[in-house]
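None of the figures in this text is laboratory data; all of them are computed from the coordinates on show. Given the structure is predicted, the values throughout are model-derived calculations rather than measurements. Cβ placement follows ideal geometry from the backbone for every residue including glycine, while neighbour counts extend to all protein chains displayed.
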Amino acid sequence: MTLTTSAIPTDVASSDSALRRFLHGLPGVDQVGAEARAAALATRSIKTDAKRWAIDTAISMIDLTTLEGQDTEGKVRALCAKGIRPDPTDASCPKVAAICVYPDLVAIAKEHLGDSGVKVASVATNFPSGRAALPVKLADVRDAVASGADEIDMVIDRGAFLSGRYLEVYDEIVQVKAACDTAHLKVILETGELATYDNVRRASWLAMLAGGDFIKTSTGKVSPAATLPVTLVMLEAVRDFRETTGKQIGVKPAGGIRTTKDAMRYLVLVNETVGDDWLTPDWFRLGASSLLNDLLLQRHKLSTGHYDGPDYVTID
Amino acid sequence: MAGKLFDYAPAPESRAIVNIASSYGLFINGEFVEPIDGEPFKTVNPASEEVLAEVTAAGLQDVERAVAAARAAYTNTWSRMPGRERAKYLFRIARIIQERARELAVLESLDNGKPIKESRDVDLPLVAAHFFYYAGWADKLKYSGFGDQPIGVAGQVIPWNFPLLMLSWKIAPALACGNTVVLKPAETTPLTALAFAEICQQADLPPGVVNIVTGAGETGKALVEHADVDKIAFTGSTEVGKAIAKAVAGTKKRLTLELGGKAANIVFDDAPIDQAIEGIVSGIFFNQGHVCCAGSRLLVQESIADEVLERLRRRMSTLRLGDPLDKNTDVGAINSAAQLQKIRELSQIGEEEGAQRWSASCEIPERGYWFPPTVFTGVTQAHRIAREEIFGPVLSVLTFRTPDEAVEKANNTPYGLSAGVWTDKGSRILSIANRLRAGVVWANTFNKFDPTSPFGGYKESGFGREGGRHGLEAYLR
C-alpha cells in the first residue's frame, strides 16, 4: 500500500490494470470521518470583516450558470450583464468569474461579455449524461471552443468508470483536452453518481492524471450535487497531486450552493484544507445560479445594516 | 495551509448569558448554605486569570452535614420512591439542561478554559443525553441484571477536565438507581456543579438527594473517609485513586475508580490517512489533551511514519489557539497554573531524554495559562513522555513494524483506559481490538462518547464501568 505522495509510476496510463493498481492504491476515505471533518468546519463562525471578504471573494469565484432547455439569447444576455456588474448600484462589487452556458450559446455570451474579463465557460461532451460516441463529444467540444469558449466543462463517462474501464475514461479526457486547444478544461466527475468517497478520490486522480485543469463535482442535474465532504475529498486530492507532481489543479463544486452561508462554508473548507494558493478564482470556482443574489443581499446587509427585499436584486 | 487571505474575525460567544454570583456557599439539603467550618477560595478563568467567584472549601462538619442530608433523603424519600417517579425528576433535569445549554456551555468554558465549540457541541449534548439515558433505566432496573435495590449514599469526586459531563456520569446513574449523592467537584472548576445545584432546585428535586460540596483534596478526603458513605466513585489521577483505594480498604464501602491513561493510537499503513490525521489531532488536542482517554501515544507503522508526521504537522499548523469563548477556537487554555507547570516539566524532560520537540507556531495570549499543540518524535518506550500521563496537548510518536509489535507496545503501559486502531481492513480491527488491554477501543475514530456505551479501565486506569447498562452495576445491589 502506497500513500499519495509516493511517485506516480511512469506507465500509470499504459493499461487498465496499471491505472487500477494506482487508483486502488490510493489511501481509502473513511466516510464517517470525512463527513465529520466537513461538518466540523461548517461550524466556523464568519463575521464582520471576514464575512465581507468572503462575500466578495465568493462573488468573484462564481461561474454564473444557466443550463436549461429554455435558454435563449435574451436570457444569456441578461446573465452576462449581471455577471459583469452584479450590483448595478455599487461599482465596488466584483464581477463573477465566468458565465456558463451550453455550446450553442457561447458565441452570444462571448459577444456580450466582450473584454469585461468575465470568461465564457461551456459545458460539452454531451452534457449532462455524457452518453454519446466519442467523435460526437469531441465535435461538441470543438464547436464550443471555435465559438470562443475560454473554458470547457466536460463530463466523464460514469458508466465506464463504474464498470472499471478506467483507461477509457482517461483516454477520453486526454482527447477532450487536446480538442480544447488553449481553453481550460474542467472535468465534471458527477460525484452524485459515483456514490462513494473512494470513487471520488479515484476519479479526481484520474482526471488530474489525464490533464484536466479543474475537477468539478457535478452537473447540477443529478442529486446530490456538490456537498461539503465531497469537496473536501477533492481538495485533498488536488493538494496531494500538487505535492506529488508540482502541478496545481483547480476545484469547482457546483449545484445546490444557494446561500451565502453555503458559499462561506466552501471557502472555509478551501482555507483550512489547501490554503491561500487556492483562494482565488483561478483555482476555485463555485458553479451556481441563484447564489449570486443571496450574496448580494448579504453584501447590502453588511454595508447598510439592514436587509433589502428581494426586489432590490435583479432577477435575470 | 490556513493562510493569510481569509482571516476569521473574532466571533466571541456572549458571556452576558451567564450570571455568576460573587460568592457561593455549599448546596446541602436542597439549599445553598453558609459553611460551618469551611473556608473561602477563588476560582479563576484560566484564559485570563480573572477571578470568577469565591467558593467554599467545605470543612469536616460541612461534609458531615451533607452526608447526613443525603442519608435522610435516602431513607425517607428517594429509595422509597418508585422508579418511574424518580425517572420524572431525571427527565426534568435533562430537559432543563437542554434549555440552559448555552448558558452552561459558556460557564463551562469560562471556568475550565475549553473552547466554546467543544462545551457547546460535545459536553452539553452529552450531559443531557446521560440524564435522559439513565432516566429511562429508573423504572426498568430489575432487567439490568445487577439487582434493583439502591446502595445508599454515594460520595462522588470528579475531575476538572469535563466538569459537568463527569457530574452527569456520576449523578445520573446513582439517582436512577435510588441512591442519594454528595458530590465534590474539582477545586478549579466548581461553577457548573453549582449551576447544576440550581437546576436541582428548579426541577423540585427532593432536598438532600443531591448535595454539592466544593473544595480541594481535604474536602474530598473527608467525604471518602466518612463512615456513613456506602459507595465511593472517583474520577481523577491514578495517584489520588490509589490513596482512595487504601482509605476505603477494609470498609464496607463499594468503590469504582476511573483514573489516568496513556492510550495508544495505532495507525497502520492502509489507514484512511486524512481521517487518521483528524483522529490523531482530536485524540490528543481535543480539550487541550486534558482527557484521561487521550490518544497520547501515536504508534505509527514505520513505512508511513514520515508521511504521517508531515501531514500531522501541516494539520497542526491550522489549529487555532486562543480565547475559549471564540467560536472558532480549536485549542483553549490549560486549566490551571499547576497543570501548565506539569506539562512544561514533562516536555522539558522529553527534550532532555533526546526526543525531538515540534510545536505548531501559534500566538500565545499574554495572560492566562497556555501551551501550544506539541508533538515529540523519536520517542521510545523508555522515555518518560511515553510512559507518564502528561494530561496536556503533547503527543509522543513511536513507530512499529508489525501488528504484533504494535499490540505489544500498546499494552506495555501500566494504564489501560482506551486505544485506537486505524486501518481499512475490518478483520485487522477486530483482531487487534481483541488483543488490546484497554477499556475502550476506537476503530477509525477517537474520543467518541455515548451514554449507552460503557467506559472504564484496565490495570492502573481503574475499575468499574460508567455508561450503558454496565454503569448501573456500581449503584445497585
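Peptide A:267-277 has a mean of 5 when you count, residue by residue, the C-beta atoms of other protein chains within 10 Å of its C-beta.
Net charge within 10 Å of B:SER336 by Cβ-Cβ distance, Lys/Arg positive one each and Asp/Glu negative one each, not counting B:SER336 itself? If you can, show how the numbers build up before the last one.
Values: positive: B:LYS342; negative: B:GLU187.
Neighbour charge sum, excluding B:SER336 itself: 0.
Placing +1 on each Lys and Arg Cβ and -1 on each Asp and Glu Cβ, with no other charges, gives the stretch B:264-443 a dipole about its Cα centre of roughly 340 debye. Averaged over the residues of B:275-285, the number of partner chain Cβ atoms lying within 10 Å of the residue Cβ comes to 3.
Suppose every Lys and Arg Cβ carries +1 and every Asp and Glu Cβ carries -1, with no other charges. What dipole size does the stretch B:1-100 come out with about its Cα centre, to the nearest 20 debye?
Details: 12 positive and 13 negative charges, 167 e Å.
Rounded to the nearest 20 debye, it is 800 debye.
Against the empirical curve 2.2 N^0.38 Å, the C-alpha radius of gyration of chain B lands at a ratio of 0.96.
With 0.36 nm allotted per residue and the present C-alpha distance subtracted, the B:LYS88-B:GLU408 stretch has 110.4 nm of extension available.
If the segment from B:ARG435 to B:ARG387 were pulled out straight at 0.36 nm per residue, it would be longer than the present Cα-Cα gap by 15.3 nm. Between A:ILE315 and A:ASP276, the FRET efficiency from the beta-carbon distance, with R0 = 41 Å, is close to 0.70.
For a distance above 30 Å, tell me the whole-number percent of Cα pairs in chain A that qualify. So the pairs more than 30 Å apart make up 31 percent of the total in chain A. Projecting the Cα atoms of B:HIS383, B:ALA419, B:ILE364 onto the charge dipole of the stretch B:360-424 (Cβ charges, centred on the Cα centre) puts B:HIS383 farthest toward the positive pole.
Kindly work out what percent of the DSSP beta bridges joining two residues of the stretch B:264-443 are antiparallel, to the nearest 5. Each step should come with its number before you reach the end.
Details: 4 of 25 bridges.
Of those bridges, close to 15 percent are antiparallel.
With an 8 Å cut-off on Cα pairs and a minimum separation of 6 or more residues, tell me the relative contact order of chain A in percent.
Rounded, it is 19 percent for chain A.
Could you sort the peptides A:124-131, B:424-431, B:370-377, B:159-166 by per-residue average Cβ neighbour count (10 Å cutoff), highest mean leading? Before the final figure, lay out each step's value.
Values: A:124-131: 20.6, B:424-431: 14.1, B:370-377: 22.2, B:159-166: 25.1.
With the highest mean Cβ count within 10 Å placed first, the list reads B:159-166, B:370-377, A:124-131, B:424-431.
Taking only DSSP H segments of four or more residues, each worth -39500 (n - 2.57), what value at 222 nm results for chain A once the sum is divided by all its residues, to the nearest 500 deg cm²/dmol?
Roughly -14500 deg cm²/dmol at 222 nm, from the helical runs in chain A.
I'd like the Kirkwood hydrodynamic radius of the stretch B:264-443, using the inverse of the mean 1/r over distinct C-alpha pairs, in Å.
Answer for the stretch B:264-443: a Kirkwood hydrodynamic radius of 16.4 Å.
Modelled spin-label separation between B:LYS252 and B:ILE36, with each label point placed 7 Å from Cα along the Cα-to-Cβ direction: 2.2 nm. Relative to the longest principal axis of the Cα atoms of chain A, the long axis of helix A:48-60 makes an angle of roughly 70 degrees. Computed about the Cα centre, the dipole magnitude for the stretch A:37-304 is approximately 740 debye when only Lys and Arg (+1) and Asp and Glu (-1) carry charge, each at its Cβ.
Please tell me which of these pairs span more than 21 angstrom C-alpha to C-alpha: B:LYS42/B:LYS242; A:LYS75/A:LYS137; A:LYS177/A:LYS252; B:LYS140/B:LYS170; B:LYS42/B:LYS117; A:LYS95/A:LYS119? List each step's numbers first, then the result.
Values: B:LYS42/B:LYS242 28 Å; A:LYS75/A:LYS137 25 Å; A:LYS177/A:LYS252 17 Å; B:LYS140/B:LYS170 19 Å; B:LYS42/B:LYS117 26 Å; A:LYS95/A:LYS119 10 Å.
Distance filter (> 21 Å) returns B:LYS42/B:LYS242; A:LYS75/A:LYS137; B:LYS42/B:LYS117.
Taking GluC sites (Glu not before Pro) as exposed when DSSP calls them loop (any state but H, G, I, E, B) and at most 14 other Cβ atoms lie within 10 Å, what is the longest stretch of chain B free of them, the sites themselves excluded? The answer is B:50-362.
Over all other residues within a Cβ to Cβ distance under 12 Å of B:GLY147, the charged ones net out to 0, with Lys and Arg as +1 and Asp and Glu as -1.
Relative contact order for the stretch B:147-237: 41 percent, from Cα pairs under 8 Å spaced at least 6 residues apart, divided by residue count. The tail of the calculated P(r) for the protein assembly as shown, taken as Cα-Cα distances beyond 51 Å, holds 25 percent of the pairs.
In this label model, B:THR452 and B:ALA9 are separated by 4.3 nm, measuring between points 7 Å along each Cα→Cβ vector.
Can you sort B:HIS470, B:HIS130 by how many other beta carbons sit within 10 Å, fewest first? Mind dumping the intermediate values first?
Working: B:HIS470 18, B:HIS130 29.
Fewest-to-most Cβ neighbours within 10 Å comes out as B:HIS470, B:HIS130.
Taking the inverse of the mean 1/r over every pair of distinct Cα atoms in the stretch A:64-216 gives a Kirkwood hydrodynamic radius of 15.9 Å.
Determine the shielding of peptide A:21-34 by partner chains: average, over its residues, the number of Cβ atoms on other chains within 10 angstrom of each Cβ. Walk me through the numbers before you get to the answer.
Working: counts 0, 0, 0, 0, 1, 1, 11, 10, 5, 13, 3, 5, 12, 4.
For this peptide, the per-residue mean of nearby foreign Cβ atoms is 5.
Ranking B:VAL291, B:LEU5, B:ILE244 by how far each Cα lies toward the positive end of the dipole of chain B (charges on Cβ) leaves B:ILE244 at the top.
Test of understanding: what is the full-extension gain from B:GLU352 to B:ALA16, defined as 0.36 nm times their sequence separation minus their Cα-Cα distance? Numbers along the way, then the final one.
Working: separation 336, 0.36 × 336 = 120.96 nm, distance 4.59 nm.
Using 0.36 nm per residue and subtracting the Cα-Cα distance, I get 116.4 nm.
Projecting the Cα atoms of A:SER45, B:ASN447, B:ALA69 onto the charge dipole of the protein assembly as shown (Cβ charges, centred on the Cα centre) puts B:ALA69 farthest toward the positive pole. For A:LEU286, the amide hydrogen comes within under 5 Å of the amide hydrogens of A:ILE62, A:ASP63, counting only partners 5 or more places away or on other chains and with H modelled in the peptide plane. Neighbours of A:ASP49, meaning other residues whose beta-carbon lies under 14 angstrom from its beta-carbon, give a summed charge of +3 when Lys and Arg score +1 and Asp and Glu score -1. Where only DSSP H runs of four or more residues are counted, chain B gives -11000 deg cm²/dmol as its mean residue ellipticity at 222 nm, each run worth -39500 (n - 2.57).
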